[in-house]
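Values in this text are rule-based calculations from the coordinates and carry no lab data. Small disclaimer: the values here were computed from a predicted structure and weren't measured. Every residue, glycine as well, gets a Cβ built from its backbone with ideal geometry; the counts of neighbours run over all protein chains shown.
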Amino acid sequence: MSRFPIAVLASGTGSNLQAILDTVHGRDGIEVVAVGSNNADAPALERARARGVATAAFPLADHPDRAARDLALADWLQAQGARLVVLAGYMQLLTPQFLNRFPLAVVNVHPALLPAFPGLRAVEQALAHGVRVFGVTVHFVDEGVDTGPIILQRAVELPRARDAAEVLAHIHAIEHELLPEAIRLIARGAVRIDPDDPRRVVLDP
Ligand code: GRF
């Protein structure tokens with residue numbers, strides 16, 4: 001079995017990181033080798049340390065600008081051997097300089113059915129719009145805000161939902177399955193871009 005080292009970036013709680021550590025880390029060759037954050041106090045870093053995973057924080061204030069911060073972050077992730085970078089609640093936009101270092105190897109989980117409700121507070125946006133179907137998207141990261149090619153999506157019908165906390169409980173449960181599933185698919189080489197349509201992701205059986 002070939003080894004597939006991955007890195008996770010997280011800014012906050014890290015429940016998605018925990019799902020990755022609990023369900024894919026150490027299985028099928030997948031290994032979380034690094035967890036990075038823009039926030040030195042992110043509880044996600046503590047979750048990683050508890051599992052013996054290398055951590056580092058790259059606050060913007062410690063660097064001249066975003067591009068320099070992202071290059072330092074990319075250097076560190078590559079030094080740890082990461083082949084895939086998973087954004088799990090990473091609340092910073094990555095610069096082109098970073099993305100060029102990990103071509104088609106950065107994925108994000110977003111708490112809405114993209115292209116609806118990109119950006120911050122997606123569940124609140126969806127509630128304010130009055131949607132009856134919510135959901136989760138895992139997508140490749142490009143230079144836009146939640147605009148990259150879609151890998152997996154799952155919907156949940158909540159026609160009577162009024163409360164963001166209630167919706168988020170459903171959304172998190174889906175995220176904790178869908179993001180590990182996407183990582184497993186990528187690790188076994190089952191995810192590729194359609195050569196005829198760069199917007200379309202092909203999942204091999
Ligand atoms: C998730 O809802 C994810 O979709 C969004 O940020 C949240 C992170 O939650 N991008 P957690 O830190 O993994 O608990």
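Below is a table of values for the structure above.
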read-out	value
Qualifying residue in segment 91-112 (condition: within 15 Å of the ligand (Cβ to nearest atom), without any contact (Cβ under 8 Å) to a residue 60 or more places away in the chain and in a helix (DSSP H, G or I))	no
Complete set of residues in segment 150-169 that are within 15 Å of residue 110 (Cβ to Cβ) and touching a Leu at 6+ places or on another chain (Cβ under 9 Å)	150, 151, 152, 153, 154, 155, 167
Selection within segment 67-90 - under 16 Å from residue 144 (Cβ atoms) and hydrophobic (A, V, I, L, M, F, W, C)	87
Those residues of segment 113-133 which are within 11 Å of the ligand (Cβ to nearest atom) and in a helix (DSSP H, G or I), in sequence order	122, 123
Qualifying residues in segment 1-54 (those that are polar (S, T, N, Q) and more than 9 Å from the ligand (Cβ to nearest atom)) - the one surrounded by the most Cβ atoms within 10 Å (Cβ to Cβ)	37
Condition check for residue 187: of a type outside the set (D, E, K, R) and exposed (fewer than 15 other Cβ atoms within 10 Å of the Cβ)	no
